[in-house]
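Participant: Let me give you the structure first, and then I'll get to my questions.
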Amino acid sequence: MHRSSLNLDPLAQQGVSNPSILQQSVDYQGDFLDLLRANNVRFSALHNQKSSVETLGQNHSEELIEGTTVIAIRYQDGVMVAGDRRATAGNVVMYDRADKVLEIDEHSVMAIAGSPAIAYEMARTLEHSFQYFRRTQLQELSVEGKIRMLARLIRDNTAMALQGIGGVVPIFALYDSNNKTENLVSPSGRIFFYDVLGAQFETVDFATSGSGSVWIRGILHYLDRWSETRLSQMDINQATSTILRLLDTAAEFDTATSGTNMKSQIYPIIKTVTQDGVQELSLDLIQQVYATVVQV
């Protein structure tokens with residue numbers, strides 16, 4: 001069945017620079033990324049320009065800004081995702097209030113480690129891809145579709161990553177209301193991590209990425225296996241205190257990871273992904289937990 005054309009004249013009168021793209025999006029039989037390519041929309045996460053990449057890799061004199069440590073753990077209500085606030089360029093601290101935990105849709109977040117410039121672009125593309133699918137297909141994109149869409153974006157960025165100037169190694173966390181365990185629907189939080197070439201892996205209870213992750217991955221394994229309360233059994237306060245302690249540990253050994261600065265009111269960004277959606281923990285709650293169980 002052919003869908004009727006849109007009346008694009010009002011859009012053109014309101015200053016839309018290329019309203020024909022809107023009509024093509026109605027008739028287009030493909031996903032959002034293919035639609036952009038079909039209309040010659042080019043930007044770094046979707047289009048690797050070999051000459052510019054080689055020029056950057058060989059001739060750039062300034063260090064690129066990079067993000068550092070992010071963590072995701074599955075707790076009793078869903079998934080808790082956190083990141084420190086520091087962005088560095090080589091050995092220089094460029095920014096100490098970066099948000100590395102990005103909400104993609106109502107039930108999913110992306111935590112970034114690597115180049116914020118590329119990662120933020122990926123996040124925006126991912127967000128619009130999910131919206132495009134929802135509006136054109138009148139249904140949510142499946143979990144498998146979401147994680148593969150991010151893998152595709154990472155693969156499209158391979159040339160930049162191999163040059164060492166734009167790699168992104170994210171964590172993708174979501175709440176899956178249709179998750180099945182032994183053929184039974186068992187809603188739960190799910191955590192996926194990626195390598196720099198876009199291979200995707202699902203982890204059971206935790207994931208960490210970034211320069212400080214090497215210092216805390218073993219601690220996470222220890223807590224999940226031998227602590228009195230396993231990660232997946234923790235309540236929100238226990239999970240919050242665990243994450244704050246881990247990020248403080250990473251900051252102790254990794255210069256590219258920021259700790260907590262109470263004087264400047266700089267605390268990690270912590271978000272939960274549950275059946276109720278994505279929520280950011282309030283600064284008051286984080287301050288209270290930090291003062292009670294971390295600052296000893």
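Participant: Which residues, taken from region 66-117, are acidic (D, E), surrounded by fewer than 22 Cβ atoms within 10 Å (Cβ to Cβ) and either at pLDDT below 95 or in contact with a strand residue (DSSP E or B) (Cβ under 7 Å, 6 or more places away or on another chain) (or both)?
Facilitator: If the condition is that a residue be acidic (D, E), surrounded by fewer than 22 Cβ atoms within 10 Å (Cβ to Cβ) and either at pLDDT below 95 or in contact with a strand residue (DSSP E or B) (Cβ under 7 Å, 6 or more places away or on another chain) (or both), then D77, D96, D99, E103, E106 are the ones that fit.
Participant: Looking at region 102-153 only, could you name the residues that are hydroxyl-bearing (S, T, Y) and part of a loop (DSSP other than H, G, I, E, B)?
Facilitator: S115, S142 - these are the residues of region 102-153 that are hydroxyl-bearing (S, T, Y) and part of a loop (DSSP other than H, G, I, E, B).
Participant: Residue check: is V278 closer than 21 Å to P116 by Cβ, surrounded by 15 or more Cβ atoms within 10 Å (Cβ to Cβ) and at pLDDT 95 or above?
Facilitator: The answer is yes for V278.
Participant: In region 154-165, which residue that is surrounded by 15 or more Cβ atoms within 10 Å (Cβ to Cβ) and not in a helix (DSSP H, G or I) is modelled with the highest pLDDT?
Facilitator: The residue in question is N157.
Participant: Could you please find all residues in region 265-287 being over 20 Å from the mean Cα position of the chain (by Cα), touching a residue at least 40 places away in the same chain (Cβ under 8 Å) and not in a strand (DSSP E or B)?
Facilitator: If the condition is that a residue be over 20 Å from the mean Cα position of the chain (by Cα), touching a residue at least 40 places away in the same chain (Cβ under 8 Å) and not in a strand (DSSP E or B), then L285, I286 are the ones that fit.
Participant: While we're on this one: Filter region 126-142 down to residues that are of a type in the set (A, V, I, L, M, F, W, C) and closer than 17 Å to L36 by Cα and give me whichever is farthest from the chain's Cα centre (by Cα).
Facilitator: Checked region 126-142; the qualifying residue farthest from the chain's Cα centre (by Cα) is F133.
Participant: Which residue, of L197, L244, is at pLDDT 95 or above and not polar (S, T, N, Q)?
Facilitator: Step by step, each of L197, L244 is checked, and only L244 is at pLDDT 95 or above and not polar (S, T, N, Q).
Participant: Same structure again: For region 131-149, name all the residues that are more than 20 Å from T272 (Cα to Cα) and not polar (S, T, N, Q).
Facilitator: Passing the criteria: Y132, F133, R134, R135, L138, E140, L141, E144, G145, R148, M149.
The values are calculated or read from the model by the stated rules, or taken from the named source; none is laboratory data. Predicted, not measured: the structure shown is a model, and the values here were computed from it. Every residue, glycine as well, gets a Cβ built from its backbone with ideal geometry; the counts of neighbours run over all protein chains shown.
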